[in-house]
Amino acid sequence: MNKSIKSLFKGTVWIAAFLAISSCEDYLERAPESIISEEQAFQNFTNFQGYVEELYHCVPNFTLSNWVSSWNWGEDEIESTTGTFTFAYDVDRGNFWGWQNENGGGEGWLDDNGVNTGRDHHYQGLWPLAWYGIRKANMGLENLSLMTDATEEERNLIEGQLLFFRAWFHFSLIQYFGGLPYVDHVLPSDEQLALPRLSYHECADRVAQDLQRAADLLPIDWDDTTTGRRTLGKNQLRINKIMALGYLGKNYLWAGSPLMNSVSTGSQSYHADYCKKASEVFGELLQLVESGETQYSLMSFDKYYDNFYTTGQNWAMPGGTEAIFRAVYYSGNSSNYQVSKQYIPQLINEGDQTNFVPTANYVHDNFGMANGLPLPDDVTQADPESGYDPNYPWKGRDPRFYKVIVYDGVKVIQGAIPDANQEVHRYANLYDGGSYRDVVTGSRSGYLNRKFSPLTANKYDRAFDWGNSLNINVPYMRLADIYLMYAEATLMGYNSTGATSSSFAKTPVEAVNVIRERAGMVGVHENFLGSVADFLPELRRERAVELAFERHRFNDLRRWMLLIEEPYTIKTSFEFDRAGDFNTEDPTENRIVNMREEVIIERIFTNKHYWLPLKLSDVSLYPEFPQNPGW
């Protein structure tokens, strides 16, 4: 029987190291003074917050989990052929059972053996930790009455955090598995299991209730509270009103999306009412941000990488003013040993053979031109309107293309190369037959990802060596995502490109343009402004560019009901030869010939692949907890 859900439903979970088990006599012969009663444990803010702190460690750090950067499972990324041990590899072959350890699953961040809330990111999984966290949150909520030595502010902070975590863990599970029981109380160990799986909308409504209550109780910034000033300057990760509003809006938008609406109502369109609710919540959040009432703002484009990594700052947490919700981070060496080395070929990374690289189809379909127009469907052909030239495909692109993608000719190694024979590797040789093009330990697609790791994290520059100066931590939610979700919710809730929420004055187009302008891009091209049907695909393309490789694409394709449709089932490579002189100063001026796009893999999916399969040990617990359809 699965340990995690069994412990939630049937077992007794340890409250915390300082809580006693009253029914045990002379347990392990503990001294009487070592036993603390529940009344003492929960009586004041300091003690109760000590209990709550473990919930932060129940949020898996997907960036570092299992020593592998396998968290992008859409058509956006492909691993080198040494990566057959990853869940990403399983997904490409339709084996969604692979998220589970007990089914010989690939390495990923959704599952791990047991509940680990210690200081080790590598053995933390969402499934066991979510159930553990839900039970722990419920135990805290049921003991709020014991918090007698506390101010109203302190009680609100404790209750708000507990409600947020209970909702966040439920939401995190249902977006992958569909409707589940919403557990809002501590289940006695002798209770017969009979909690039914709710519909997705029923679960979303329960999540919303908890998040709205949390938003009402929590401050925007703990530093501005009497309680928070005790830890002034160290409250960035503490759950606040903006986090609660962000996930309240996201929960409503997901409920309003075609997949979630289809399993609840049978309609595969957007659910307008849920989208309107999302629009109002996101609007409230963005109004607070733009009026200067929060600590959040978009990072300037020259600090774009600070959203994901920091360098030379001795364990400094990435994210800056834009990251809204992040996992706890305390392992800089893991970033350098693990993540940074899985984005450059082994021949220059001194270690890891596995590479995770952007697929050519994702780059070509989404990263368009600086004038706001996409590339042509056939990238071997010129497009006079956009100005795309297939012989100079890197020229005149969206500025984010250059921030995120390593293309042929980019200077990677900045410093000296002791071995003159290795000088050829200084520039990214991503042409057909180039040294960076190795299906086993390099790029399979003709591209590399530079979003999460500086180019200089290679064995020659060794700018960050093995110390604490390179810190990578991709956020769960950042402000740019809020703008784009607001745009989608408002567009589909009110069925208009010119609509606004009652809480925020920007239209969907204006919200998207905020993100584009930050990147130095022109606004949405007039070609896409004629109707909702014209604008929606462009909005989705904008989301694919801005949030590329940040773990969003798989869930976006699922909720839009596009995952099993072409061209989203295809992963390709870009094959080409260099022509003429090689320009080392400006690689966009390098001419290529014989360009062609080749299919690496076609993913064979059916409707069952819209949801992950539940564990067999869990669906065997009781009849009201059935398996997902098709599995």
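When GLU624, GLU566, GLU597 are checked against the criterion of being without any contact (Cβ under 8 Å) to a residue 40 or more places away in the chain and either in a loop (DSSP other than H, G, I, E, B) or touching a Ser or Thr at 6+ places or on another chain (Cβ under 8 Å) (or both), GLU566 stands alone in meeting it. Please verify whether the range 553-563 includes one or more residues that are within 24 Å of PHE452 (Cβ to Cβ), surrounded by fewer than 22 Cβ atoms within 10 Å (Cβ to Cβ), under 18 Å from the mean Cα position of the chain (by Cα) and without any contact (Cβ under 8 Å) to a residue 60 or more places away in the chain. Within the range 553-563, none of the residues are within 24 Å of PHE452 (Cβ to Cβ), surrounded by fewer than 22 Cβ atoms within 10 Å (Cβ to Cβ), under 18 Å from the mean Cα position of the chain (by Cα) and without any contact (Cβ under 8 Å) to a residue 60 or more places away in the chain. Just one of the listed residues (PHE549, PHE535, PHE574) is within 17 Å of the chain's Cα centre (by Cα), of a type in the set (Phe, Trp, Tyr) and within 20 Å of ARG400 (Cβ to Cβ), namely PHE549. Looking only at residues of the range 89-116 that are aromatic (Phe, Trp, Tyr) and in a helix (DSSP H, G or I), we find that the one that is surrounded by the fewest Cβ atoms within 10 Å (Cβ to Cβ) is TRP97. If only residues of the range 406-443 that are hydrophobic (A, V, I, L, M, F, W, C) and touching a helix residue (DSSP H, G or I) at 6+ places or on another chain (Cβ under 6 Å) are counted, the one that is farthest from GLU517 (Cα to Cα) is ILE417. Yes or no: GLY246 at pLDDT below 95 and out of contact with any Gly (no Cβ under 8 Å at 6 or more places or on another chain)? When the stated conditions are applied, GLY246 does not pass them.
Any idea which residue in the range 49-88 is nearest to the chain's Cα centre (by Cα), counting only those that are of a type in the set (Val, Ile, Thr) and either under 18 Å from GLN353 (Cα atoms) or part of a loop (DSSP other than H, G, I, E, B) (or both)? Among them, the one singled out is THR63. Selection of the range 508-542 for residues being in a loop (DSSP other than H, G, I, E, B), out of contact with any Pro (no Cβ under 7 Å at 6 or more places or on another chain) and crowded, with 19+ Cβ neighbours inside 10 Å yields only VAL524. For the range 46-67, what are the residues that are touching a helix residue (DSSP H, G or I) at 6+ places or on another chain (Cβ under 7 Å) and either of a type in the set (Gly, Ala, Ser) or within 20 Å of PHE308 (Cα to Cα) (or both)? The answer is PRO60, ASN61, THR63, LEU64, SER65, ASN66, TRP67. Contact map, the range 305-323: residues that are on the phi > 0 side of the Ramachandran plot paired with residues that are at pLDDT 85 or above and surrounded by fewer than 17 Cβ atoms within 10 Å (Cβ to Cβ), Cβ distance under 8 Å, separation 6+ or inter-chain. Pairs shown: GLY319/GLN236; GLY320/LYS303.
The sole residue among PHE308, PHE282 that is within 30 Å of ARG558 (Cβ to Cβ) and out of contact with any helix residue (DSSP H, G or I) (no Cβ under 8 Å at 6 or more places or on another chain) is PHE308.
Taken over the range 584-603, the residue count meeting the criterion of being within 16 Å of VAL406 (Cβ to Cβ) and either surrounded by fewer than 18 Cβ atoms within 10 Å (Cβ to Cβ) or not β-branched (Val, Ile, Thr) (or both) is 5. The residues of the range 543-563 that are in a helix (DSSP H, G or I), in contact with a helix residue (DSSP H, G or I) (Cβ under 9 Å, 6 or more places away or on another chain) and either over 22 Å from LEU286 (Cα atoms) or acidic (Asp, Glu) (or both), listed by number, are GLU546, ARG553, PHE554, ASN555, ASP556, ARG558, ARG559. Does the range 361-391 hold any residues that are more than 20 Å from HIS525 (Cα to Cα) and without any contact (Cβ under 8 Å) to a residue 24 or more places away in the chain, and which are they? Scanning the range 361-391 gives ASP378, GLN381. Of the residues making up the range 288-322, those that are touching a Pro at 6+ places or on another chain (Cβ under 9 Å) and within 20 Å of ALA244 (Cβ to Cβ) are GLY319, GLU322. The residue of the range 117-154 that is surrounded by the fewest Cβ atoms within 10 Å (Cβ to Cβ), among those that are touching a residue at least 40 places away in the same chain (Cβ under 8 Å), charged (D, E, K, R) and in a helix (DSSP H, G or I), is GLU142. Total residues in the range 484-499 satisfying the condition of being among the hydroxyl-bearing types (Ser, Thr, Tyr) and under 12 Å from LEU286 (Cα atoms): the figure is 1. Scanning the range 480-489 for residues that are in contact with a strand residue (DSSP E or B) (Cβ under 7 Å, 6 or more places away or on another chain), of a type in the set (D, E, K, R) and either in contact (Cβ under 8 Å) with a residue 60 or more places away in the chain or part of a helix (DSSP H, G or I) (or both) turns up nothing. The residues listed here are ALA278, ALA255; of these, the one that is crowded, with 20+ Cβ neighbours inside 10 Å, touching a His at 6+ places or on another chain (Cβ under 9 Å) and either outside any loop (DSSP other than H, G, I, E, B) or in contact (Cβ under 8 Å) with a residue 24 or more places away in the chain (or both) is ALA255. Within the bounds of the range 286-294, is there any residue that is surrounded by fewer than 23 Cβ atoms within 10 Å (Cβ to Cβ) and within 23 Å of VAL474 (Cβ to Cβ)? Within the range 286-294 (the criterion being surrounded by fewer than 23 Cβ atoms within 10 Å (Cβ to Cβ) and within 23 Å of VAL474 (Cβ to Cβ)), the answer is yes, since at least one residue qualifies.
Is it true that PHE574 is surrounded by 13 or more Cβ atoms within 10 Å (Cβ to Cβ), in contact (Cβ under 8 Å) with a residue 12 or more places away in the chain and assigned to a loop (DSSP other than H, G, I, E, B)?
Numbers: surrounded by 13 or more Cβ atoms within 10 Å (Cβ to Cβ): yes; in contact (Cβ under 8 Å) with a residue 12 or more places away in the chain: yes; assigned to a loop (DSSP other than H, G, I, E, B): no.
The answer is no for PHE574.
Among the residues of the range 350-362, some residue qualifies, meaning at least one is more than 22 Å from TYR431 (Cβ to Cβ) and surrounded by fewer than 19 Cβ atoms within 10 Å (Cβ to Cβ).
The values are calculated or read from the model by the stated rules, or taken from the named source; none is laboratory data. All of these numbers come straight from a predicted model, not from anything done at the bench. Backbone-built Cβ (ideal geometry, glycine too); neighbour counts: all protein chains shown.
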